[in-house]
Amino acid sequence: MRHRILFVCLGNICRSPMAEGVFRKVAVDAGLLDHLVIDSAGTGNWHVGDPPDPRAQAATSLRGIDISGLRARQVSNQDFDNFDLLLAMDQSNHSDLTSLGAGEAVDRVRLFLDYAPDLGLRDVPDPYYGGKDGFDDVLNLVELASEGLLRELQSGL
Ligand code: 4NP
């Protein structure tokens, strides 16, 4: 069984590339990378082709994860065929995705933080207009959700 997972935020330069990098590390550490396709995209197109925000790269790098090679892209209709799960970083991304997707594809759109229900939080806060601490907060949240997602996938692999 293979799982294809797309992390989605607004710009694809902060939250979703960090989630992609963190989840890839969690999957590598669990020896499951061969079973997974992992990617990220943004609902907006302002940053297409850009590397992750330098603050996102710095915070992620401090945890031993290199996301410098990622480049932003916009979500496309094909993503609904190419991925089994489209994981939105917040409820606004979730609602943008469900308006883009047709029919049963919408069932594959989920909120990423729902894989960490103990957090009691559904949105990964957008760190773009805030300070450096916001990026660490994002990492703490996406680490917990990545572990929850991995556990769920392992039960079905
Ligand atoms: P992200 O953050 O959705 O986590 O990548 C943002 C990056 C850029 C913008 C908004 C959010 N922007 O408006 O350019």
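The values are calculated or read from the model by the stated rules, or taken from the named source; none is laboratory data. The structure presented is a predicted model; accordingly, all values stated were derived computationally and were not measured. Ideal geometry is used to build each Cβ from the backbone, glycine not excepted, and the neighbour counts take in all protein chains shown. Note: accessible area is taken over every heavy atom of the protein model, side chains too, but ligands, DNA and RNA are not part of it. Shrake-Rupley method; radii C 1.70, N 1.55, O 1.52, S 1.80 Å.
Among Leu86, Leu113, Leu121, which is closer than 27 Å to Arg55 by Cβ and assigned to a loop (DSSP other than H, G, I, E, B)? Before the answer, list the steps.
Numbers: Leu86 fails: assigned to a loop (DSSP other than H, G, I, E, B); Leu113 fails: assigned to a loop (DSSP other than H, G, I, E, B).
The unique qualifying residue is Leu121.
Among the residues of the range 42-76, the one identified as in contact with a helix residue (DSSP H, G or I) (Cβ under 6 Å, 6 or more places away or on another chain), assigned to a helix (DSSP H, G or I) and polar (S, T, N, Q) is Thr60. When residues in the range 21-78 are screened for being under 15 Å from the mean Cα position of the chain (by Cα), surrounded by 14 or more Cβ atoms within 10 Å (Cβ to Cβ) and hydrophobic (A, V, I, L, M, F, W, C), 13 of them pass.
With respect to the stated conditions, Tyr115 is within 14 Å of the chain's Cα centre (by Cα) and open to solvent by 10 Å² or more (accessible area, probe 1.4 Å).
Residues being on the phi > 0 side of the Ramachandran plot and of a type in the set (S, T, N, Q) are entirely absent from the range 66-82. Of the residues making up the range 1-15, just one is more than 16 Å from the ligand (Cβ to nearest atom), touching a strand residue (DSSP E or B) at 6+ places or on another chain (Cβ under 6 Å) and hydrophobic (A, V, I, L, M, F, W, C), namely Ile5.
Does Asp123 satisfy being under 24 Å from Ile67 (Cα atoms), within 14 Å of the ligand (Cβ to nearest atom), open to solvent by less than 60 Å² (accessible area, probe 1.4 Å) and among the charged types (D, E, K, R)?
Against the criterion (under 24 Å from Ile67 (Cα atoms), within 14 Å of the ligand (Cβ to nearest atom), open to solvent by less than 60 Å² (accessible area, probe 1.4 Å) and among the charged types (D, E, K, R)), Asp123 qualifies.
Looking only at the range 93-118, count every residue that is touching a helix residue (DSSP H, G or I) at 6+ places or on another chain (Cβ under 7 Å) and free of Cβ contacts under 8 Å to residues at least 12 places away in the same chain and tell me the total. Residues meeting the conditions: 2.
Would you say Ser146 is over 14 Å from the mean Cα position of the chain (by Cα) and either assigned to a loop (DSSP other than H, G, I, E, B) or not charged (D, E, K, R) (or both)?
It is false that Ser146 is over 14 Å from the mean Cα position of the chain (by Cα) and either assigned to a loop (DSSP other than H, G, I, E, B) or not charged (D, E, K, R) (or both).
Among the residues of the range 16-67, those that are away from the ligand (no atom under 16 Å from the Cβ) and of a type in the set (Gly, Ala, Ser) comprise Ala27, Ala30, Gly31, Ser61, Gly64. Residues of the range 89-108 that are part of a loop (DSSP other than H, G, I, E, B), within 16 Å of the ligand (Cβ to nearest atom) and among the small types (Gly, Ala, Ser): none at all.
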